Amino acid sequence: MVRGSIDKSITVLLKVWVRVPAELEPLRSNGLDLLKRLPRRDHVAVHWGMVMAVYPFWANVAAQVGRLLRLQGSVGAAHVQRRLREQYGERETVSRRVRYVLRSFVDWGVLSEAEASGVYGAGLSLPIDDTRL
């Protein structure tokens with residue numbers, strides 16, 4: 001059976017918030033507590049942190065995107081893919097997963113699509129003033 005995108009999304013959410021690795025349970029508990037107390041506009045920071053903790057690949061894509069944005073002001077998907085393939089090896093799955101993560105960044109609003117295909121600019125930037133975050 002081929003899994004659809006909804007099934008995959010549910011699997012990701014369960015792994016991030018329900019079936020977290022044992023060593024991340026305290027982080028998840030703190031995150032859930034923060035979600036109850038923080039204004040909605042700050043929730044993305046909590047979700048972002050949990051996804052980074054559970055999925056190190058997401059964190060590596062974010063690191064490369066951040067470096068390229070600081071250096072160039074924009075990000076090309078091909079550049080991010082090349083840098084991640086240097087880390088993980090020349091596999092098609094790496095390029096495909098980078099595309100998925102970049103699409104998620106756009107969906108979350110942290111990247112914006114430029115006019116050129118496969119090029120992104122900075123999106124939402126939230127200053128983090130709360131030390132709990």
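The values are calculated or read from the model by the stated rules, or taken from the named source; none is laboratory data. These numbers come from a predicted model, not from an experiment. Glycine also receives a Cβ, built like all others from the backbone with ideal geometry; neighbour counts cover every protein chain displayed. SASA here: full protein model, heavy atoms, side chains in, ligands and nucleic acids out. Shrake-Rupley method; radii C 1.70, N 1.55, O 1.52, S 1.80 Å.
Here are the numbers for this structure:
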| quantity | calculated |
| --- | --- |
| With every protein chain in place, the chain: carbon and sulfur % of accessible area (1.4 Å) | 54 |
| For the range 72-83, 3J(HN,Hα) per residue [Karplus equation, 6.51 cos²θ - 1.76 cosθ + 1.60, θ = phi - 60°, Hz, x = Gly/Pro] | 10, x, 8, 9, x, 4, 4, 5, 5, 4, 4, 5 |
| Simple spin-label estimate for residue 85 and residue 30 in nanometres, 7 Å along Cα-Cβ | 3.8 |
| Taking the chain and dividing mean pair separation by its residue count, relative contact order in percent (alpha carbons under 8 Å, at least six apart) | 18 |
| Phi-based couplings in Hz for the range 6-22 (Karplus 6.51, -1.76, 1.60; Gly and Pro marked x) | 5, 4, 5, 5, 4, 4, 5, 4, 4, 5, 6, 10, 10, 9, 6, x, 3 |
| Mean residue ellipticity (222 nm) of the chain, computed from DSSP H runs ≥ 4 via -39,500 (n - 2.57), nearest 500 | -19000 deg cm²/dmol |
| R0 of 22 Å, Cβ-Cβ distance residue 63-residue 6: FRET efficiency to nearest 0.05 | 0.15 |
| Amide hydrogen neighbours beyond the local backbone of residue 111, cut-off 5 Å, H modeled | 106, 123, 124 |
| Residue-wise HN-Hα coupling along the range 94-106, computed from phi with Karplus coefficients 6.51, -1.76, 1.60 (Hz; x: Gly, Pro) | 5, 4, 5, 5, 4, 4, 4, 5, 4, 4, 5, 4, 5 |
| Potential lengthening between residue 43 and residue 124 on full extension [0.36 nm per residue; Cα-Cα distance subtracted] | 27.9 nm |
| Centre separation in Å (Cα based) which lies between the range 103-120 and the range 1-68 | 19 |
